[in-house]
Each structure stands twice: as structure tokens, then as C-alpha cells.
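Inspection log for the structure reproduced underneath, given as C-alpha cells.
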Amino acid sequence: VGGSPSPSPPSLQSSYAGDAIITAVGLHEGLWMSCAAQSTGQVQCRLHDSLLSLDVHIQTSRALMVISLLLGFFGIIVSVVGMKCTKVGEEDPVTKSRIAVAGGILFILSGLCTLAAVSLYATQVTYEFFRESSVPINARYEFGSALFVGWGAASLTVLGGSLLCCSCPAKERRGQQYYRQSQPSTTREYV
């Protein structure tokens, strides 16, 4: 347990709702660590002790975020190969467009995994905040900045994947078939 000058943004943070603030310590808890920020500016963080001791919603959100990162990584690689300005892979524009669409689909899946993870975590935070409990309301957790960043990132990733999917190869293929059919035949037919 040591001080950390710049911890990762919190997924949830202690609430300041209620009549009085109990302590001058703000508690932040995320998928990977828990932090306590004192009013003096000192922040102490510790990683979650055991994977198996975590709540199910944290384990599920962690798994979805790791899957999202992997899908996004492979989406970047596939999309770069599918770009028309790169000389990697096939030179055929129809094949390049299909590869770009595959990259777009990977980005959409990545964004949906992020959206599911962040929304699942936010649902649990909301449930715990409004649940009848002996814990005073000003000692409960509420949404942290990482949840809003996660929703924004998921939206932009789905939007980017959708734009990549708009480079659908069907229009190019139809244009090439029409071009081939309109060319005059080189063989002569004798009657």
C-alpha cells in the first residue's frame, strides 16, 4: 500500500449526499483497485486482493472490458489492412472493402462489450445506493468519472465501427459487373 500521484479514474466514488460529511477522505473503487484520497491531496490505492473474492458484477465487468480491449486491438489491425491507402494484403478494392467492414464489425462488438460492462457496473452502483441499508446515505458510493468516460468511449467506438461498415463492397461489385457486361465482345459471331 503506497501513495500514487495519479490513480486511474474511479468507477464509483463516495457520496456527499446527506446532512453532514463524515470524513475528509474520499473513497474511490474501480474494477482493478480501491483508493482513498485525503483532503491533504495524498492518495493511497491498493489492488483488489483476490479475483475469486470479488463480487460477480466486478468479475463480469472485468471480463467484458478485457474482451472489449482485445476486440478493439484486432479491429485496429484488420481495419488498417482493409484501408485503401495501405499496400498490405490484397490489392482488390472489393476485398479491401470487405476487410474494412470486418474491422468495423469488430469495433462495434468492442463498443457493445464496453457498453455492457459499464452499464452493468452502473446498475449495481445504483442498486446499492437506493437499497435499504444501515449504512448512512453519505457513506454510500455514487457514479464516478470513469463510468461517463466508459459510456462516451463505447458510443464513439460503435459510431466508428458503423462508419467503417458503411464502406460496404456491394456497390463496388455491382459497378464492376456492369462495367464488364457493357464491354463489347472480342469474339465475332457468324450466322
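Of everything in segment 74-112, what is part of a helix (DSSP H, G or I), of a type in the set (Val, Ile, Thr) and touching a helix residue (DSSP H, G or I) at 6+ places or on another chain (Cβ under 7 Å)? Give them in sequence order.
78, 81, 94, 99, 101, 105, 108
State all residues of segment 137-184 that are outside any helix (DSSP H, G or I) and either modelled with pLDDT of 60 or more or closer than 24 Å to residue 74 by Cβ (or both); if no residue qualifies, say none.
Result: 140, 141, 142, 143, 144, 166, 167, 168, 169.
Residue 116: in contact with a helix residue (DSSP H, G or I) (Cβ under 8 Å, 6 or more places away or on another chain), open to solvent by less than 70 Å² (accessible area, probe 1.4 Å), at pLDDT below 90 and on the phi < 0 side of the Ramachandran plot, yes or no?
Here the answer is no, as residue 116 does not meet what is asked.
Exactly one condition in (1) among the small types (Gly, Ala, Ser); (2) at pLDDT below 85; (3) within 23 Å of residue 118 (Cβ to Cβ) is false for residue 18; which is it?
With (1) among the small types (Gly, Ala, Ser); (2) at pLDDT below 85; (3) within 23 Å of residue 118 (Cβ to Cβ) applied to residue 18, the lone miss is (3).
Which count do you get for residues in segment 119-132 that are out of contact with any helix residue (DSSP H, G or I) (no Cβ under 6 Å at 6 or more places or on another chain) and under 20 Å from residue 32 (Cα atoms)?
Counting residues in segment 119-132 that are out of contact with any helix residue (DSSP H, G or I) (no Cβ under 6 Å at 6 or more places or on another chain) and under 20 Å from residue 32 (Cα atoms) gives 5.
Please determine, by comparing only the residues of segment 27-73 that are in a helix (DSSP H, G or I) and polar (S, T, N, Q), which one is nearest to residue 104 (Cα to Cα).
Step by step, filter segment 27-73, then rank; the result is 68.
If we keep just the residues of segment 66-113 that are open to solvent by 70 Å² or more (accessible area, probe 1.4 Å), over 19 Å from the mean Cα position of the chain (by Cα) and without any contact (Cβ under 8 Å) to a residue 24 or more places away in the chain, which is nearest to residue 32 (Cα to Cα)?
It comes out as 83.
Regarding residue 115, is this residue more than 20 Å from residue 142 (Cα to Cα), among the aliphatic types (A, V, I, L, M) and part of a helix (DSSP H, G or I)?
no
For residue 132, indicate whether it is modelled with pLDDT under 85, acidic (Asp, Glu), open to solvent by 50 Å² or more (accessible area, probe 1.4 Å) and touching a strand residue (DSSP E or B) at 6+ places or on another chain (Cβ under 8 Å).
Taking the combined requirement at face value, the residue does not satisfy it.
Each row is one residue, and each column tells you yes or no for (1) under 18 Å from residue 159 (Cα atoms); (2) at pLDDT below 95.
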position	(1), (2)
63	no, yes
73	yes, no
81	no, yes
88	no, yes
94	no, yes
99	yes, yes
102	yes, yes
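The values are calculated or read from the model by the stated rules, or taken from the named source; none is laboratory data. Keep in mind the model is a prediction, meaning the values are calculated, not measured. In this analysis, Cβ positions are derived from the backbone assuming ideal geometry, glycine residues included, and neighbour counts consider all displayed protein chains. We work out accessible area using only protein heavy atoms, side chains counted, and drop any ligands, DNA or RNA first. Shrake-Rupley method; radii C 1.70, N 1.55, O 1.52, S 1.80 Å.
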